[in-house]
1. Roughly what % of DSSP beta bridges within the chain run antiparallel, to the nearest 5?
2. Any idea what the alpha-carbon Rg over 2.2 N^0.38 Å comes to for the chain?
3. Just to verify a number: what accessible area does K359 come out at with the full protein assembly present, 1.4 Å probe, Å² rounded to tens?
4. Each residue of segment 172-184 in turn: what ³J(HN,Hα) in whole Hz from Karplus with 6.51, -1.76, 1.60 and θ = phi - 60°, glycine and Pro shown as x?
5. Could you put T109, T230 in order of accessible surface area, largest first, with the 1.4 Å probe and the full protein assembly present?
6. Rounded to the nearest 500, what is the chain's calculated 222 nm mean residue ellipticity when only DSSP H runs of at least 4 contribute -39500 (n - 2.57) each, over all residues?
7. Report P(r) for segment 85-181: all Cα-Cα distances, bin width 10 Å, range 0 to the bin holding the largest distance, values in whole percent.
8. Express the Stokes-Einstein translational diffusion coefficient of segment 112-234 in µm² s⁻¹, to the nearest whole number, given a Kirkwood radius over alpha-carbon pairs, 20 °C and a viscosity of 1.002 mPa s.
Amino acid sequence: MTAIKVTKIGVRATALLLTGTVLSGVAFAQQAPQQPAPAPAAQQAPATPVATPEPARTVRSLRVEGTQRLEPETVLSYTRVRVGQPYTTESLDQAIRDLLASELLADVTIEGVESGDIVVRVRENPIINRVVLEGNKRLKNDKIVKEIKLAPRQMFTRTAVRADVARIIELYRRQGRFAATVEPKMVSLDQNRVDVIFEIEEGAKSKVRQINIIGNEVFKDGKLRGEMATKQARLTTIMSSNTSYDQDRLAYDQQKLRQFYLTQGYADFRVVSAVAELTPDKKDFIITYVVEEGPRYKFGPVTVDSNIRDFDDKVLAGNLSIKEGAWYNAKMVEDTVDQLSETAGMFGYAFANVSPEFKRDRENLTMTLNFNIAEARRTYVERIDIVGNTQTQDKVIRREMRLAEGDAFNTFLVKRSQDRINSLGYFGEKFEI
């Protein structure tokens, strides 16, 4: 009985204690400031598994199979795999890449990776029996053969074939045939030999369909096209060879445009760009020039500065064809240089150097010119040689010469001598002094 009573009293006491604790806790919660809830712990990222390195194995034996012309030692010389040396899968893959890069082999496989008894199986590139060109009419065989690298008794490689295809296409493009195609084919023969066949589709010449000029305000498109060597393909130009596209002619036309503008006073003219676009069907080209004409200049003061004491600068300047106030003309500048050089030559200065010096005045749009004649030594005729005359005697030619050995060189007399010899009628167009 006593034990049971004690138990009941203990239960009541525990209940009272718990009740007091709860009540006091509620009162404490009402008095104390509210604390923020603790943040949940950050989720940890799963650890990246660390790749264990592949254990190196040792080459127990090594042999090459499948060679016909090559020695096994030659094949192995392109790899780093050796008997007794460690190897991995990566090192064997590198050995395959090295062998294929040698361009001696068409295919390579390696067996015995697990056991260490390595077998390198190869298939050699074939030998070329002959190279055949088909479909070429505009370009003869000898023109193409000397440009390509493949030849009989050489080793066949796909890299060499691709290079030769590019060379043949480039040959046709030089002729303006941008639609030309080349299809290489290989015919397998016995003893690992092949015939290489290039099937060529030449196509028609690519014509210049349109020439566009952008930026020109002074001169019309038709006038500028007339200065160019390249012509647009039209019914009136159907027989002209200048309607086909030529990259060299494109550069020449840019120079022709520049020369034209420089003769009209536009000293700052320039071709900003020249673009030739091939149409999708590869039959025609559309050429577009972008130009900047710039302002027009007139000649300013024109002077001569001679370092040759025999010449009077003012007299030379007064006899020039260029006059101040005229429109600038680059052709007249070139002609004046020739005129001064001939004048110096008449006085025996055969190698006088004449150089024009330009000074632009962009505000007044004038071009000041000074022709500088460098100092030179007088030249004399040492010897007169006559060559190429098989029927006419030397004395017949010499008596028409206005110069003799020992005379001061004179360009006027040289020209006079040439005219007198030509008037004899004994010589053709190839006569020259």
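1. In the chain, approximately 60 percent of DSSP beta bridges are antiparallel ones.
2. For the chain, the normalised Cα radius of gyration comes out at 2.08.
3. Ignoring ligands and nucleic acids, K359 comes out at about 140 Å².
4. With the stated coefficients, segment 172-184 comes to 6, 5, 5, 8, x, 9, 7, 8, 5, 10, 10, 10, x Hz.
5. T109, T230
6. Rounded to the nearest 500, it is -9500 deg cm²/dmol.
7. Percent of Cα pairs in each bin: 13, 33, 21, 17, 11, 5, 0.
8. Translational diffusion coefficient: 117 µm²/s.
The values are calculated or read from the model by the stated rules, or taken from the named source; none is laboratory data. Treat the numbers as computed from the prediction; the structure is a model and nothing was measured. Methodologically, a virtual Cβ is constructed for each residue, glycine included, from the backbone with ideal geometry; neighbour enumeration extends over all protein chains shown. To get the accessible areas, we keep the full protein, side chains included, count just its heavy atoms, and leave off ligands, DNA and RNA. Shrake-Rupley method; radii C 1.70, N 1.55, O 1.52, S 1.80 Å.
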